[in-house]
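Chemist: Let me begin by handing over the structure; questions about it come next.
The values are calculated or read from the model by the stated rules, or taken from the named source; none is laboratory data. Predicted model, so just to flag it, every value in this text is computed and none were measured. Cβ: placed from backbone, ideal geometry, glycine included. Neighbour counts: every protein chain shown. Note: areas computed on protein heavy atoms with side chains; ligands, DNA, RNA excluded. Shrake-Rupley method; radii C 1.70, N 1.55, O 1.52, S 1.80 Å.
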Amino acid sequence: MNDITPAELKERQQQNQTPVIIDVREPWEYEETRIDGSQNIPLGELPGKIEELEDLKHQEIVVHCKGGGRSATAKALLQQHGFDKVRNLLGGISAYNAG
């Protein structure tokens, strides 16, 4: 799936069509600022959580971090495990909060 822009995600949220949002930053980063409704699974813990996310395999998932690097890795990891609707938030939470 194509990645998602902050503007598109915000529009989806306003229309109550929010996808599953996974924040792959560290817990301290998540505590500082977060996207409402997101769940925090740090990138280093994601491989061990794949099984727990199995029910989401065919749902739209948006992964994000601060700027997009860690979430690109998370997207690739999830896709390798058969998650077929994973999108990276372009520019991460920095771009989301800036817009």
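Chemist: Do you know which residues across segment 1-54 are surrounded by fewer than 18 Cβ atoms within 10 Å (Cβ to Cβ) and in contact with a Phe, Trp or Tyr (Cβ under 6 Å, 6 or more places away or on another chain)?
Modeler: N40, the sole residue that qualifies.
Chemist: How many residues does segment 18-30 contain that are at pLDDT 95 or above and part of a loop (DSSP other than H, G, I, E, B)?
Modeler: Result for segment 18-30: 4.
Chemist: Those residues that are within 14 Å of S71 (Cα to Cα) and either assigned to a strand (DSSP E or B) or not charged (D, E, K, R) (or both), I need them from segment 31-48; list them, please.
Modeler: Of everything in segment 31-48, those that are within 14 Å of S71 (Cα to Cα) and either assigned to a strand (DSSP E or B) or not charged (D, E, K, R) (or both) turn out to be S38, Q39, N40, I41, P42, L43, G44, L46, P47.
Chemist: Follow-up question, since we're still on this one. So the check is Cβ under 7 Å with 6+ separation or different chains; which pairs have a first residue in segment 84-98 that's touching a residue at least 24 places away in the same chain (Cβ under 8 Å) and within 10 Å of S71 (Cβ to Cβ) and a second one that's among the polar types (S, T, N, Q) and in a helix (DSSP H, G or I)?
Modeler: V86/Q79; N88/S71; L89/S71; G92/S71
Chemist: Within segment 55-63, identify whether any single residue is among the hydrophobic types (A, V, I, L, M, F, W, C), touching a residue at least 40 places away in the same chain (Cβ under 8 Å), assigned to a helix (DSSP H, G or I) and open to solvent by 20 Å² or more (accessible area, probe 1.4 Å), and answer yes or no.
Modeler: No.
Chemist: Sticking with this one: Suppose the filter is on the phi > 0 side of the Ramachandran plot and either of a type in the set (S, T, N, Q) or in contact with a Pro (Cβ under 7 Å, 6 or more places away or on another chain) (or both); does G91 pass it?
Modeler: So G91 passes the test.
Chemist: Which residue is most open to solvent (accessible area, probe 1.4 Å), if the candidates are limited to segment 66-89 and must be in contact with a strand residue (DSSP E or B) (Cβ under 7 Å, 6 or more places away or on another chain) and assigned to a loop (DSSP other than H, G, I, E, B)?
Modeler: K85
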